[in-house]
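**Student:** Would you mind keeping the following structure in view while I ask a few things?
The values are calculated or read from the model by the stated rules, or taken from the named source; none is laboratory data. Model, not experiment: these values are computed from the prediction. Backbone-built Cβ (ideal geometry, glycine too); neighbour counts: all protein chains shown. The accessibility values were calculated without ligands, DNA or RNA, using every heavy atom of the protein model including side chains. Shrake-Rupley method; radii C 1.70, N 1.55, O 1.52, S 1.80 Å.
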Amino acid sequence: MKAVMKACAAPGLELRDVPDPVPADDEVILEVKATSLCGTDHHIYRWDEWAQKRIRPPRVLGHEMYGEIAATGRSVTTVRTGDRVAAESHVTCGKCFQCRTGNAHVCKNYTILGIDRDGSFARYVSLPEKVLWKTADEIPAELACMQEPLGNSVHAVLTEDVSGHTVLVTGCGPTGLFAIAVARTAGAGSIIATDVSDYRLGLARQLGATLAFNPEKIDPKIIEEHTDGQGVDTALEMSGHPSAVHLCFRYVKNAGRVCLFGIPRAPIPIDIPNEIIFKGIRVHGITGRRLFDTWYRLAGLFRAGLDIRPVVTHTFPLQEFGKGFDLIDHAQCGKVVLIP
């Protein structure tokens with residue numbers, strides 16, 4: 001089969017012929033119907049410092065997927081051939097303190113699909129039974145493959161109640177856009193979005209942002225005007241940019257909440273007394289999704305009308321993966337989907 005892979009320790013990816021996978025007893029073979037590009041894949045494509053330390057080529061990339069089960073191992077009991085599923089990308093150990101106390105999303109010994117084992121940028125991928133998520137047939141493939149990254153936003157938004165609250169989202173990449181859609185569906189009273197890309201600010205407005213602006217062109221004090229001088233109840237930092245991090249701490253109201261999801265390229269100095277302590281705020285670090293609590297909530301949000309279709313801006317055949325990464329380079333896309 002054809003697969004997009006990091007064949008060697010250098011920038012770029014290659015389309016190569018690789019053997020079809022064979023399932024272990026507790027695995028299935030998924031015929032991939034749709035798989036989407038992630039920021040992590042972009043790091044690996046660029047071969048930046050993080051990727052050089054984390055990836056050991058050769059490796060088939062891809063961890064956001066949806067497809068149909070083509071074969072099952074002998075001990076698989078919860079799914080069968082023909083079932084349509086998505087997959088959690090974190091394969092957890094089930095034995096560490098975190099796994100045994102309901103916090104498997106921060107398992108000490110997890111491995112990740114498309115990073116530590118071959119992923120979904122191929123026609124077929126082998127998956128452990130325990131990471132599979134049966135998906136309603138009415139959700140189209142190009143949306144169903146995004147449930148894994150969408151779960152990040154669900155976890156960030158719904159760590160605490162947002163109904164009737166004012167929410168700030170800094171960074172309108174796909175995860176920030178998902179957060180806007182989730183907050184709107186969950187009943188947020190007002191949603192403010194910031195980004196430096198006019199293209200992505202337009203998507204933010206489509207998804208329900210009440211106010212969307214570029215803080216390099218418009219004074220962020222407009223947030224105070226929009227909140228009667230109070231600041232926002234919840235700030236979701238989805239970009240990792242230092243100025244966006246400080247913007248969240250500055251404009252969250254006293255006793256509010258800040259969720260940090262974006263990954264900075266370098267350490268960021270924080271004025272702990274004035275930005276956190278004296279404001280009495282709660283700061284949450286967001287990584288992955290709560291397993292599988294977030295997935296159940298995500299399914300409920302779809303039933304409640306969650307619409308993420310505007311986030312899907314481009315779809316390409318698998319072999320045209322380079323076009324997708326070029327769009328990401330220039331911030332001229334929402335989510336890019338590949339069809340094997």
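**Student:** From the list ARG54, ARG46, pick out the single residue that is open to solvent by 20 Å² or more (accessible area, probe 1.4 Å), without any contact (Cβ under 8 Å) to a residue 60 or more places away in the chain and of a type in the set (Lys, Arg).
**Tutor:** Working: ARG54 fails: without any contact (Cβ under 8 Å) to a residue 60 or more places away in the chain.
Only one candidate passes the filter, namely ARG46.
**Student:** Which members of segment 279-298 meet the condition of being surrounded by fewer than 19 Cβ atoms within 10 Å (Cβ to Cβ) and either among the small types (Gly, Ala, Ser) or free of Cβ contacts under 8 Å to residues at least 12 places away in the same chain (or both)?
**Tutor:** GLY280, GLY285, ASP293, TYR296
**Student:** Please specify each residue of segment 111-147 satisfying the condition of being out of contact with any Gly (no Cβ under 9 Å at 6 or more places or on another chain) and within 30 Å of ARG282 (Cα to Cα).
**Tutor:** THR111, MET146, GLN147
**Student:** With the structure loaded, tell me whether GLU49 is among the acidic types (Asp, Glu) and modelled with pLDDT under 95 or whether it fails that test. Full working, then the answer.
**Tutor:** On the way: among the acidic types (Asp, Glu): yes; modelled with pLDDT under 95: yes.
Answer is yes for this residue.
**Student:** I'm trying to understand the selection: among the residues of segment 253-277, which are touching a residue at least 24 places away in the same chain (Cβ under 8 Å) and either exposed (fewer than 15 other Cβ atoms within 10 Å of the Cβ) or in contact with a helix residue (DSSP H, G or I) (Cβ under 6 Å, 6 or more places away or on another chain) (or both)?
**Tutor:** Applying the first criterion (touching a residue at least 24 places away in the same chain (Cβ under 8 Å)) to segment 253-277 yields 253-262, 264-265, 268, 270, 275-276.
Of everything in segment 253-277, those that are touching a residue at least 24 places away in the same chain (Cβ under 8 Å) and either exposed (fewer than 15 other Cβ atoms within 10 Å of the Cβ) or in contact with a helix residue (DSSP H, G or I) (Cβ under 6 Å, 6 or more places away or on another chain) (or both) turn out to be ASN254, ALA255, VAL258, CYS259, PHE261, PRO264, ARG265, ILE268, ILE270, GLU275.
**Student:** Restricting the search to segment 1-36, which residues are open to solvent by 70 Å² or more (accessible area, probe 1.4 Å) and in a loop (DSSP other than H, G, I, E, B)?
**Tutor:** Hits for segment 1-36 are ALA9, PRO11, PRO19, ASP20, VAL22, ASP25, ASP26.
**Student:** Within segment 78-111, which residues are part of a helix (DSSP H, G or I), without any contact (Cβ under 8 Å) to a residue 24 or more places away in the chain and surrounded by 13 or more Cβ atoms within 10 Å (Cβ to Cβ)?
**Tutor:** Keep residues of segment 78-111 that are part of a helix (DSSP H, G or I), which gives 97-100, 104-106.
If we keep only those that are without any contact (Cβ under 8 Å) to a residue 24 or more places away in the chain too, we end up with 97-100.
Answer for segment 78-111, where residues must be part of a helix (DSSP H, G or I), without any contact (Cβ under 8 Å) to a residue 24 or more places away in the chain and surrounded by 13 or more Cβ atoms within 10 Å (Cβ to Cβ): GLN98, CYS99.
**Student:** Could you tell me which residue of segment 315-340 is surrounded by the most Cβ atoms within 10 Å (Cβ to Cβ), considering only residues that are more than 17 Å from the chain's Cα centre (by Cα) and under 23 Å from ARG205 (Cβ atoms)? Spell out the reasoning first.
**Tutor:** Let us first name the residues in segment 315-340 that are more than 17 Å from the chain's Cα centre (by Cα), namely 315-323, 326-327, 329-330, 332, 339-340.
Adding the requirement that they be under 23 Å from ARG205 (Cβ atoms) leaves 315, 327, 330, 332.
On the way: THR315: 16, LEU327: 18, HIS330: 9, GLN332: 13.
For segment 315-340, the residue satisfying everything is LEU327.
**Student:** OK, next. In the set SER89, SER120, SER75, which member is within 15 Å of the chain's Cα centre (by Cα) and of a type in the set (Ser, Thr, Tyr)?
**Tutor:** Working: SER120 fails: within 15 Å of the chain's Cα centre (by Cα); SER75 fails: within 15 Å of the chain's Cα centre (by Cα).
Among SER89, SER120, SER75, only SER89 is within 15 Å of the chain's Cα centre (by Cα) and of a type in the set (Ser, Thr, Tyr).
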